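Chemist: Have a look at this one before I ask anything.
The values are calculated or read from the model by the stated rules, or taken from the named source; none is laboratory data. Values in this document were obtained by computation on a predicted structure and should not be read as measured data. Note that each Cβ is placed from the backbone with ideal geometry, even for glycine, and that neighbours are counted across all protein chains shown. Remember, those area values only see protein heavy atoms, side chains included, never the ligands or the DNA or RNA. Shrake-Rupley method; radii C 1.70, N 1.55, O 1.52, S 1.80 Å.
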Amino acid sequence: MAILERSEWYDYARMTNWTPKFATEEEIFPAMHSGMADVPLSVFDSYDEPYKISYREYVDVQRQKDAGVYSVKAALERADMYNRASPGWISAAKLHYGGVPVVEYHASLMESRFVRFAKAPGMRNMACFGAMDENRHAQIQLAFPHEYVSKDRQFDWATQAYRTQNWGILAARNLSDDMMMTRDVVQTAIMLNFAFETGFTNLQFIGLSADAANAGDYSFAKMIQSVQSDEARHAQLGTPLLKLMMENGHEAEAQRMVDISFWRTWRLFAVLSGIPMDYYVPLEHRENSWKEFMEEWIIDQFERNLRDLGLQRPWYWDYFLEDLSEEHHGQQIGTYSWRPTLWWNPTAGVSKIEREWLEEKYPGWNDTFGKAWDVVIDNMANGRMEQTVPGTLPVICKVSNLPVVGIPFKTTKIEQITYKGENIHFGSIVDKWIFEQDPERYCQTQTLVDRFLAGKIQPADLGGALQYMGLGVITDPADDSMDYSWVEEYRAVAAE
Ligand code: MN
Ligand code: MN
């Protein structure tokens, strides 16, 4: 029997909406799950997914991807990648593995909600493959670090991190809860597929992949490329939905979802991608600066996407462009200073030659962030190590759950309001605006400092906090990845 071409049967197979007789539309697609309740089901038949694939094709392609990645991994195990990699690259890999794989699993649950509740048949179909994609991403990114656990226990954070109350995980989990887990499928698809995936996963998965290949970690590079090739497909399921929103009176909602999610994602990726790209990846292996990656992938491409759909740039665009040269530098000083609270050994990345590179890529760096590092370095070079780890807690943003930073010797970005008698702090004007969009959603968040003040962390000191965050339990608290050997060149100058 002849087999039909996919194009001959695809439209029949995917049109699975019918007129319900035994249940109401509201019962089948409850507004709180399905969204756009005022738009009739028939309108969603016009959703046209840009990427069409059959199950048979999907399984075949995915199998080939996995086979390719695992064969590279097997070949390189014999080459003993771990022992040859630079400490900076190991820092970047551990940060990635603790932060990313379990979020992939969250994304699989998210796509599964689309399969059930999306009103567009094409979206349900595409999300079915998306859920399988994300499951693969979780599994493969747990399998790779598992390999290294016997050499370095910090790699165990890949599986453990999201079971802890580590502050970085509180921030990532809060974003995942807000954008992936607790909104209707329309809002979720705009926030996650459109803003997060089409914009930012490129940075981590293409940008970091280039750095990984340069650093000689080909199995990491190959693995995350295979992840990104799935993202490039299922990320598209938000775009036809945005068109439907624009045509059916949901423009304002679409814009608001983009504005909220773009900012939240930007601030998290400043830590997840910005820090490793500009500080951890060995200088000679850096493909581009974080800002250059952002300019190529976000400023150019994302902005064009918005324009094509009839959406505006987020209202805070100018503020964001400034933040591009600021936020991750502040977070690098912050994370490095509070290094015992990390699940990876951080790399300072501020040797003299690296500082020249930073000044070249970010003119003015030496006069601001550099000066703050001068104080840290001076203490280290003169043996005052206890002064290089802060004795107090940082102010934490109620929305991003990240420490509030600014530009040293210039300005802080802290914002503040009083809500229901509580003093609430934010790391930027945009985080404050996000809170004001839906105060009840955000006010219940307990940041690590809120938990501390509520007496949940005992004993109420650094030791108690580390214990609370799983440090000293799963692994010892982290320390400088190079064992401070980079301080030597400064110590030599001080001696002269
Ligand atoms: Mn994924
Ligand atoms: Mn995805």
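Chemist: When the convex hull of the Cα atoms of region 99-255 is projected onto a plane and the area is averaged over all directions, what value comes out in nm²?
Modeler: 9.6
Chemist: Oh, and also: Using alpha carbons only, how many degrees (0 to 90, rounded to 10) separate the axis of helix 327-337 from the longest principal axis of the chain?
Modeler: Long axis of 327-337 versus the principal axis of the chain: about 50 degrees.
Chemist: Run the dipole for the chain about the Cα centre, Lys and Arg Cβ at +1, Asp and Glu Cβ at -1, nothing else charged, and hand back the magnitude in debye, nearest 20.
Modeler: The calculation lands at about 1020 debye.
Chemist: Sticking to Cα atoms, compute the Rg of the chain to one decimal and its Dmax as the biggest Cα-Cα distance, whole number, in Å.
Modeler: 23.5, 88
Chemist: Moving on to the next point. Hey, any idea what % of region 181-228's accessible area is carbon plus sulfur with a 1.4 Å probe?
Modeler: 52
Chemist: List the GluC sites (Glu not before Pro) within region 41-131 that DSSP assigns to loop and that have no more than 10 neighbouring Cβ atoms inside 10 Å.
Modeler: Sites meeting the loop and neighbour criteria: none at all.
Chemist: Just name one of 128, 349, 364: the one whose Cα is farthest towards the positive end of the charge dipole of the chain (beta-carbon charges, Lys/Arg +1, Asp/Glu -1).
Modeler: 128
Chemist: Quick one: what does P(r) look like for region 47-186 with 10 Å bins over all Cα pairs, in whole %?
Modeler: Here the calculated profile for region 47-186 is 11, 33, 31, 20, 5, 0.
Chemist: Another question, if that's okay. With charges only on Cβ, +1 for K and R and -1 for D and E, what is the dipole size of region 147-186 about its Cα centre, in debye, rounded to 20?
Modeler: So the dipole magnitude of region 147-186 works out to roughly 120 debye.
Chemist: Here is a further query. Show me, for region 172-179, the HN-Hα J-couplings you get by feeding each phi into the Karplus relation (A = 6.51, B = -1.76, C = 1.60, θ = phi - 60°), rounded to Hz, glycine and proline as x.
Modeler: 5, 5, 5, 5, 4, 4, 5, 9
Chemist: Quick check for you: with a 1.4 Å probe and neighbouring chains kept, what is the accessible area per residue of region 356-446, in Å²?
Modeler: Heavy-atom accessible area per residue stands at 49 Å².
Chemist: Could you give me D for region 451-496, from Stokes-Einstein at 20 °C and 1.002 mPa s, where the hydrodynamic radius is the Kirkwood radius over C-alpha pairs? Units µm² s⁻¹, please.
Modeler: 163
Chemist: Only four residue types carry charge here, +1 at the Cβ of Lys and Arg and -1 at the Cβ of Asp and Glu. Report the dipole size of region 142-208 about the Cα centre in Debye, rounded to the nearest 20.
Modeler: 160
Chemist: With 25 Å as the limit, write out which pairs from 151/222; 119/243; 119/432 have Cα-Cα distances beyond it, or answer none.
Modeler: As for pairs spanning more than 25 Å Cα to Cα, those are 119/432.
Chemist: How much of the accessible area of region 31-98, probe 1.4 Å, is carbon plus sulfur, in whole percent?
Modeler: Heavy-atom surface of region 31-98 belonging to carbon and sulfur, 1.4 Å probe: 56 percent.
Chemist: Go from 0 up to the bin containing the longest alpha carbon distance in region 5-84, width 10 Å each, and give me the % of pairs per bin.
Modeler: 12, 26, 21, 17, 13, 9, 1
Chemist: Over region 137-286, calculate the relative contact order: mean separation of alpha carbon pairs under 8 Å at least 6 apart, over the residue count, as a percent.
Modeler: Reported as a whole number, the value is 27 percent.
Chemist: Show the residues, 5+ positions off or on another chain, whose built amide H is closer than 5 Å to the amide H of residue 419.
Modeler: Those lying under 5 Å, H to H, from residue 419 are 424.
Chemist: Cα-based Rg of region 228-275 per 2.2 N^0.38 Å, rounded to two decimals?
Modeler: Here the answer is 1.41, to two decimals.
Chemist: 222 nm [θ] for the chain, helices only, -39500 (n - 2.57) per DSSP H run of 4+, per residue, to 500?
Modeler: -15000 deg cm²/dmol
Chemist: Quick one: Karplus J couplings for region 411-421, per residue in order, coefficients 6.51, -1.76, 1.60, θ = phi - 60°, nearest Hz, x for Gly and Pro?
Modeler: Those phi angles translate into 8, 9, 9, 5, 10, 8, 9, 10, 10, 6, x Hz.
Chemist: Hey, another quick one. With the contact rule set at Cα under 8 Å and sequence spacing of 6 or more, what percent relative contact order holds for the chain?
Modeler: This gives 17 percent for the chain.
Chemist: Let me ask something additional. List the aspartates and glutamates whose Cα sits under 12 Å from the Cα of residue 52, skipping any in the same chain fewer than 8 residues away.
Modeler: 11
Chemist: If you don't mind, another one. Enter the accessible area per residue of region 193-282 (Å², integer; probe 1.4 Å; all protein chains in place).
Modeler: 20
Chemist: In addition: Just to check I understand the Karplus step: with θ = phi - 60° and J = 6.51 cos²θ - 1.76 cosθ + 1.60, what whole-Hz values come out for region 110-126, glycine and proline as x?
Modeler: Per residue, the Karplus-derived 3J(HN,Hα) values read 4, 5, 5, 5, 4, 4, 7, 10, 5, 7, 8, x, x, 6, 4, 4, 5 Hz.
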